[in-house]
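Have a look at the structure below, then the notes.
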Amino acid sequence: MNQYQLPVVDIADMPKVALESMNEVHLEEVALINRLGELVLQGIAGDVDLEQIKRVLDEWLLHTRAHFESENRLMETYAFPPYPVHKEEHTQVLARIESLMAQWSKDQELQQLADFIFVEWRSWFDQHVNSMDRVTAQFLSQVM
């Protein structure tokens, strides 16, 4: 299982945006995903704690929902022109996380969870922060 490297996201390498409140929320999310990554890799190595994984998954989902709702509200309030596109990306990734969690609750398949966290979500996070969030934060920092 050497294909996965901890941390999932190195805080020192995390992309920053022009709005500090968004950076803070991203740091919180990265802390959760890094903890989840640790738990999943421990489980794959044979030291599985299903209750703790479920707890962190639930916390991550709640945090992600609140994160996206807050960003969506700001974009709508300040009439961010590409709001519909950014909101749709939030909707899609949230649906993917919810689907993954539903599947995991049925089969507790750690490999599938690891693939999502370390590959799919990791790639999405970098791309999203460096594009959608960067532009959004720049706009909001000028109008708030």
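In table form, for the structure just shown:
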item: Gained length - Ile11 relative to Glu88, 0.36 nm times residue gap less alpha-carbon distance; result: 25.1 nm
item: Calculated FRET value between Ser131 and Gln52, using beta carbons and R₀ = 35 Å, to 0.05; result: 0.60
item: Net charge dipole size for segment 54-105 [Lys, Arg +1 and Asp, Glu -1 on Cβ; Debye, nearest 20]; result: 140 debye
item: Label-point separation, Gln3 to Glu120 (7 Å along Cα→Cβ), nm; result: 1.4 nm
item: Partner lysines for Lys106 [C-alpha distance under 24 Å; skip if fewer than 8 residues away on the same chain]; result: Lys54
item: HN-Hα J in Hz across segment 67-82 - Karplus 6.51, -1.76, 1.60, θ = phi - 60°, x for Gly and Pro; result: 4, 5, 4, 5, 4, 4, 4, 4, 4, 5, 4, 9, 6, 5, x, x
item: Accessible area, probe 1.4 Å, largest first, for residues Thr77, Thr91; result: Thr77, Thr91
item: FRET efficiency, 1/(1 + (r/R0)^6) with R0 35 Å, evaluated for Val143 and Ser105 via beta carbons; result: 0.25
item: Residue with peak Gaussian network fluctuation, the chain [Cα springs, cutoff 10 Å], from Arg35, Arg122, Arg55; result: Arg55
item: About the Cα centre, charge dipole magnitude for segment 1-130 (Lys/Arg +1, Asp/Glu -1 at Cβ), debye; result: 180 debye
item: C-alpha long axis of helix 20-44 to longest principal axis of the chain, angle in °; result: 10 degrees
item: Cα centroid of segment 1-71 to Cα centroid of segment 120-144, whole Å; result: 17 Å
item: Residue-by-residue Karplus 3J(HN,Hα) for segment 110-122, coefficients 6.51, -1.76, 1.60, Hz, glycine and proline x; result: 5, 5, 5, 5, 4, 4, 5, 5, 7, 10, 5, 5, 4
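The values are calculated or read from the model by the stated rules, or taken from the named source; none is laboratory data. Please read these numbers as outputs of a predicted model, since none were measured by experiment. Virtual Cβ from ideal backbone geometry, glycine too; neighbours counted across all protein chains shown. Note: accessible area is taken over every heavy atom of the protein model, side chains too, but ligands, DNA and RNA are not part of it. Shrake-Rupley method; radii C 1.70, N 1.55, O 1.52, S 1.80 Å.
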